[in-house]
Number of protein chains: 2
Amino acid sequence: MTDESRSESEDTPRSPKRWLIGDPLPTSTLEGQLLPKHLALPIFASDPLSSVAYAPQELLMILLLGGLAFLSFAPWVAGAVVLLLIVVVASYRQLVKAYPSGGGDYEVASKNLGEKAGVVVAAALLVDYILTVAVSVASGVDNIISAIPGLNGWRVELAVGFVVVLAAINLRGVREASKAFAIPTYLFIGSIAVMLVTALIRMALGDAPVAESAGWDVKGEQLTQAAFVLLILRSFASGCAALTGVEAVSNGVPAFRRPKVQNAQRTLVAMGGIAIVLFTGLTVVALVTGVHYAERACDLIGFTDCETEPQRSLIAQIASATFGNNTIPFFIVQAATAAVLLLAANTAFNGFPLLGSVLATDGYAPKALATRGDRLIFSNGVLALSAVAIVLLIGAQANVTALIQLYIIGVFISFTLGQIGMVRHWSRMLREGCTDRGSVWRGLAINALGALMTASVLIIVTVTKFVHGAWIVFVVMAVLILLMIGVNRYYRDVDREIAADATTVFGSSGDHAIVLVGRMSKPVLKALDYAIAARHESIEAIHVSIDDAASETLEAQWAEHNIHVPLTVIGSPYRDISLPLIKYIKQHRAAHGSEVVTVYLPEYIVGHWWEVVLHNHKARRIRHKLMLVHGVVVALVPWLLDSSDLIYGRRSRPLPGQDRRGEPVRPPMRAPNPPTPTGRKR
Amino acid sequence: MTDESRSESEDTPRSPKRWLIGDPLPTSTLEGQLLPKHLALPIFASDPLSSVAYAPQELLMILLLGGLAFLSFAPWVAGAVVLLLIVVVASYRQLVKAYPSGGGDYEVASKNLGEKAGVVVAAALLVDYILTVAVSVASGVDNIISAIPGLNGWRVELAVGFVVVLAAINLRGVREASKAFAIPTYLFIGSIAVMLVTALIRMALGDAPVAESAGWDVKGEQLTQAAFVLLILRSFASGCAALTGVEAVSNGVPAFRRPKVQNAQRTLVAMGGIAIVLFTGLTVVALVTGVHYAERACDLIGFTDCETEPQRSLIAQIASATFGNNTIPFFIVQAATAAVLLLAANTAFNGFPLLGSVLATDGYAPKALATRGDRLIFSNGVLALSAVAIVLLIGAQANVTALIQLYIIGVFISFTLGQIGMVRHWSRMLREGCTDRGSVWRGLAINALGALMTASVLIIVTVTKFVHGAWIVFVVMAVLILLMIGVNRYYRDVDREIAADATTVFGSSGDHAIVLVGRMSKPVLKALDYAIAARHESIEAIHVSIDDAASETLEAQWAEHNIHVPLTVIGSPYRDISLPLIKYIKQHRAAHGSEVVTVYLPEYIVGHWWEVVLHNHKARRIRHKLMLVHGVVVALVPWLLDSSDLIYGRRSRPLPGQDRRGEPVRPPMRAPNPPTPTGRKR
């Protein structure tokens, strides 16, 4: 048939489509869809690396609460953070090897520690994604303002604005695995590295850069022994912000090129190495240049116009001290920092739906989240994520310090449970007596250490931050956990309800077809044609008459088209279509026993969103009511309006998280047009 | 079959359902659904009567802009309003007789003056409904505050609150034709009447009540001759607010008992009579008691704490003067006034969807509005209406005077066009040479006079109010008109696109059935059973394999159930169901020519709104994609989850405007449960 051949010819040029819908394809093609390391690094590392942009600042800030003297502890605290970072990276190398499916901590926890643990991790990660957006954006704005202090009055507005932009980008669909996304990360690494080296060289040459705040003193509180310890711990806890995002790689293993695990591990190590270098470097240089960053700007004795002027970010102070204020390199550093932070926020938009789909597959979230490509669902996820983030940003007035308080709780809950899960994993392997016991023992040792350290950090973080807002996190997590378990139980009940045992058989017999006819039109004729083609035992066209004149016209046209299918007209006293139709069907079934009645309804396929408002509502309502009637099948016969061509374009937009999962973007799906008249008469 | 008999037995008790879905029924039963006059009056009159609660006040207030001396013109202005009211009521008596179908001004204008005029009237009425809500609520709140001045600070909050409550009530579904709705109107009429009589008696006894504001003087502006005339006209224009809502009856004729027209006319006259009495009475007594009401409270010389205290409404002042302040009767009057005003606002919620459905039937609004009973659509209407009203109330700070400026433009546009239309109607009848020329001439005369007066009022209103905000109305109306015409054109194009000529024939042949199988479950088995019953030429079950393990289980169960329908398993490289399936279908059709492929999909029917989130999304997406494939029919096989019982309750909720249209409330529709196992094996 002509249109058949047409739609075929449409296929040939689009080879990507061919294999997408099933043809065998050379591995090379598939590899093409996966991430080379030079793209994987920026995609997965923008989150963990960007966190060094605020971690050292928060670390020093907390110490300064005790006064300048406390800065002497900075190296030790920073050292502890670095040590922890090393251990965690090592632990994740093990995790990636053991669970390369991309489930990350969630998978590990649920497989080894059972459902509850998994759900807790999931809740922790969800909270974490929200806070990644909030903190990164807040810090990014902070660095922008440090470069352009004039914007200080617009801090919150800017932050909210950026979240909105990110949401918009992700709603439109954006391919993360593009060069454009790699640039900021590399630029950030590069510029910070150059800055640190320059600073160290100048130091070596005896002209060490001096930060603007170097001269300023800080009001230190008088501290008791306990408060003293607590302060050190708090500063450590804040420094741990540097670890956020390390887990990212473990969720994205499937997106790597072969050998997946090794590539993922290498990326992980590279990332960890860079993070450590940057973190240490920034802390050291900050101490050398004498950056003094206080919780409240006006705690700085000497910072005269603290009311009006913003306190500049640690990176900004170092940059201006090293390169000179408002020099080009200074602006480059600030731009790169801001860019990488916003990029980090974007990663949350990609991770969120990913986790959602994993949860859905396990039945802890609406199944819809598992059907990759349901743009509607993803959009809702994106909107929810940004809405909550915006609320947080407004609530905290886009203040990094305030948000950090909530941040790393979630991270460390998932770290800890993930590590404990790994310990279980290894020990089970030992019990089950595996081959390569050496590597298993090593893995066990590493993860045990990791578990121990992350657990103790979690305790420290909780203790030191609980009163500073961390309690909110626990409340939110509790709610999320209850929701997830509720959803899970619901699905379980439904499964019981629909479970089929060997005896389940429905003995329907008989087969009657009804074509619902509103007025004479092509869609109706197509429906009629299909109904006839389906060769039902008996077939009739039914018209529910609301307006007698219209009904008569229809009957006339019916004769004129000399259609052999009988047309039954039912009167409707109250301008309602479905009820009289249902009545008729019930009578028919009463007369003809337990037969199946197939009701054919034409349905319009439209292109513009607003056309949806103008079509199919009546059909929809009739369908919904018919669906409640015993023995009825509703057969929808599509009619593609010309505008429906538009849909195909939309189909091809990428979805958040696709790249991290190693999924190709779906090519547009063409549909053939409705059959053309063949001239054959009935 | 057992379940068959069950579902039958379910029908027998519910006779209302029996006839609702088509059985013949004695007229008496039908009459039972229609409005007796004692209910029709309050339902249709609450809007027009309530307007006398603010009309006299606005009339006097505008006059007082010129100073106390101007009060001497009040009787003449009020007289003019009353005269106009009489003429308009008379005109509508004619309109009701000529067009008893309930189309009102819109029908008259479009039938006699053509499309454009009709659309203009429609737009005017839509605007009018919104303003009815805003003005009535604002005035209601004003009277509440007059009784409890303490609430003055919460004026806007109260107003918005009431709109929200009204919206909620209408979303839940409320039967207007209940005694509860009649009480406030009668109470209002009664209490005001008693108040007026008491006042007049006291006057006759020489102890005329004196309003609190009687002693206060007003800063009058020095006026030029022109300004003087303009002021009189403005005050007249504001007084015309008393006419708003008179048209209500003409839209509700079908809801009256037989003889519909006579009953409608009597109600109209009764309403007009009462309105005139109350309006005149209130104006006279206001003058006697010396109520001085100024646009800005602080224009009143003598009203010392005008900043803090609210200026009490005219009715409140009369009531407290007549019965004494804060006496029981005083509170009764205020309560009744507030109640009837809120009731009037509620009528807009009933009129809005009614007009919507009329427009939809004529193709000027989304067709969905015409399908009575689509709760979703009505809900959107209710939400839209209240949203706009709330915006208006906040914008105008719930100030009656400010809102009145916008109000009566719309009313008089529809009055005028309606009357002109009637004139055309009568003159055409004369040309066509009708029987009873006398009454036609009378009608012509009355409507001509009506048209003349309403037109001139429209001009006066526009001239006097344009700068005071009326221009907004014209802008909004323009937008609405463009929208309606756009919608109309769109439908027209679609009709052309789908128009079937005698040659339109689709020659499909061949018939293949596919049952999409996810995992073994009752819904799937039911779908399979129905597919088998439909005796397709060829039938197969298809499972798109995402998880090999699951697929194997399924194949095992398939064998175990020894189902004779072959199960085809298709692999899916990217966890997507629809694309491989579509590929398969296309190949099949390529092989078997232009056959119709019926794809059976089980669909869950659920009860709770939140269950919708948890179900059917995957099915929905697959359906949408299949609908784009050539030659495919999607057959939905419903599976009613236990929770689906809940829907029936919701079905029976009344819809806004039902009573005004004479429609009965739909009784709950029971659906039979899915077929029970018969034990027969396949």
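The values are calculated or read from the model by the stated rules, or taken from the named source; none is laboratory data. A quick note: this is a predicted structure, and the numbers were derived from the prediction, not measured. As a convention, Cβ positions derive from the backbone with ideal geometry for all residues, glycine included, and neighbour counts pool all protein chains shown. SASA here: full protein model, heavy atoms, side chains in, ligands and nucleic acids out. Shrake-Rupley method; radii C 1.70, N 1.55, O 1.52, S 1.80 Å.
From the list A:114, A:67, A:104, the one residue that fits, being free of Cβ contacts under 8 Å to residues at least 60 places away in the same chain and either out of contact with any helix residue (DSSP H, G or I) (no Cβ under 9 Å at 6 or more places or on another chain) or farther than 19 Å from residue A:465 by Cβ (or both), is A:114. Scanning region B:272-292 for residues that are of a type in the set (Val, Ile, Thr), in contact with a Leu (Cβ under 7 Å, 6 or more places away or on another chain) and open to solvent by 10 Å² or more (accessible area, probe 1.4 Å) yields a count of 2. Of all residues in region B:406-438, exactly one satisfies the criterion of being over 18 Å from residue B:119 (Cα atoms), among the hydroxyl-bearing types (Ser, Thr, Tyr) and open to solvent by less than 20 Å² (accessible area, probe 1.4 Å), namely B:407. Within region B:496-532, the residues that satisfy the criterion of being more than 8 Å from every other protein chain (Cβ to nearest Cβ) and surrounded by fewer than 20 Cβ atoms within 10 Å (Cβ to Cβ) are B:496, B:501, B:518, B:519.
For region A:502-518: of the residues being in a loop (DSSP other than H, G, I, E, B) and more than 30 Å from residue B:555 (Cα to Cα), which is modelled with the highest pLDDT?
Step one: filter region A:502-518 for residues in a loop (DSSP other than H, G, I, E, B), giving A:502-510, A:517-518.
Narrowing further to those that are more than 30 Å from residue B:555 (Cα to Cα): A:517-518.
On the way: A:517: 91, A:518: 86.
Out of the qualifying residues, it is A:517.
One line per residue, one yes/no per condition, for (1) facing chain B (nearest Cβ under 10 Å); (2) within 26 Å of residue B:531 (Cβ to Cβ); (3) in a strand (DSSP E or B); (4) open to solvent by 60 Å² or more (accessible area, probe 1.4 Å):
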position	(1), (2), (3), (4)
A:539	no, yes, yes, no
A:542	no, yes, yes, no
A:553	no, no, no, yes
A:558	no, no, no, no
A:580	yes, no, no, no
A:589	yes, yes, no, no
A:610	yes, no, no, yes
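Entry remark, region A:560-578: residues being part of a helix (DSSP H, G or I) and in contact with a Ser or Thr (Cβ under 8 Å, 6 or more places away or on another chain) number 0 in total. Of the listed requirements (1) in a loop (DSSP other than H, G, I, E, B); (2) among the aliphatic types (A, V, I, L, M); (3) over 27 Å from residue B:247 (Cβ atoms), residue B:365 misses just one: (3). Within region A:137-155, the set of residues being of a type in the set (S, T, N, Q) and without any contact (Cβ under 8 Å) to a residue 40 or more places away in the chain is empty.
If we scan region B:369-392, do we find a residue that is touching a residue at least 12 places away in the same chain (Cβ under 8 Å), within 22 Å of residue B:62 (Cβ to Cβ) and either touching a helix residue (DSSP H, G or I) at 6+ places or on another chain (Cβ under 8 Å) or of a type in the set (Lys, Arg) (or both)? Yes; the residues of region B:369-392 include at least one that is touching a residue at least 12 places away in the same chain (Cβ under 8 Å), within 22 Å of residue B:62 (Cβ to Cβ) and either touching a helix residue (DSSP H, G or I) at 6+ places or on another chain (Cβ under 8 Å) or of a type in the set (Lys, Arg) (or both). Of the residues examined, residue A:383 is one that is exposed (fewer than 15 other Cβ atoms within 10 Å of the Cβ), within 23 Å of residue A:482 (Cβ to Cβ) and within 22 Å of the chain's Cα centre (by Cα). The residues in region A:445-469 that are crowded, with 19+ Cβ neighbours inside 10 Å and under 15 Å from residue A:418 (Cβ atoms) can be counted, and the count is 8.
Go through the residues of region B:8-25 one by one and say whether even a single one is open to solvent by 10 Å² or more (accessible area, probe 1.4 Å), within 14 Å of chain A (Cβ to nearest Cβ), within 24 Å of the chain's Cα centre (by Cα) and at pLDDT below 85. Yes, there is a match, as at least one residue in region B:8-25 is open to solvent by 10 Å² or more (accessible area, probe 1.4 Å), within 14 Å of chain A (Cβ to nearest Cβ), within 24 Å of the chain's Cα centre (by Cα) and at pLDDT below 85. Only one entry in B:140, B:153 is open to solvent by 10 Å² or more (accessible area, probe 1.4 Å) and either in a helix (DSSP H, G or I) or not assigned by the TED database to the domain that holds residue B:253 (or both), namely B:153. Among the conditions (1) over 25 Å from residue B:136 (Cβ atoms); (2) among the β-branched types (Val, Ile, Thr); (3) in contact (Cβ under 8 Å) with a residue 12 or more places away in the chain, residue B:285 misses just one, which is (1). Quick one: residue B:603 ticks every box in (1) open to solvent by 10 Å² or more (accessible area, probe 1.4 Å); (2) closer than 26 Å to residue A:488 by Cβ; (3) in a helix (DSSP H, G or I) bar one, so which box is it? Answer for residue B:603: the failing condition is (3).
Picking from residues in region B:612-627 that are open to solvent by less than 50 Å² (accessible area, probe 1.4 Å) and in contact (Cβ under 8 Å) with a residue 40 or more places away in the chain, the one that is nearest to residue B:511 (Cα to Cα) is B:626. Under the condition of being touching a Leu at 6+ places or on another chain (Cβ under 9 Å) and closer than 15 Å to residue A:520 by Cβ, which residue from region A:560-576 is nearest to the other protein chains (Cβ to nearest Cβ)? Ranking the candidates gives A:561 first.
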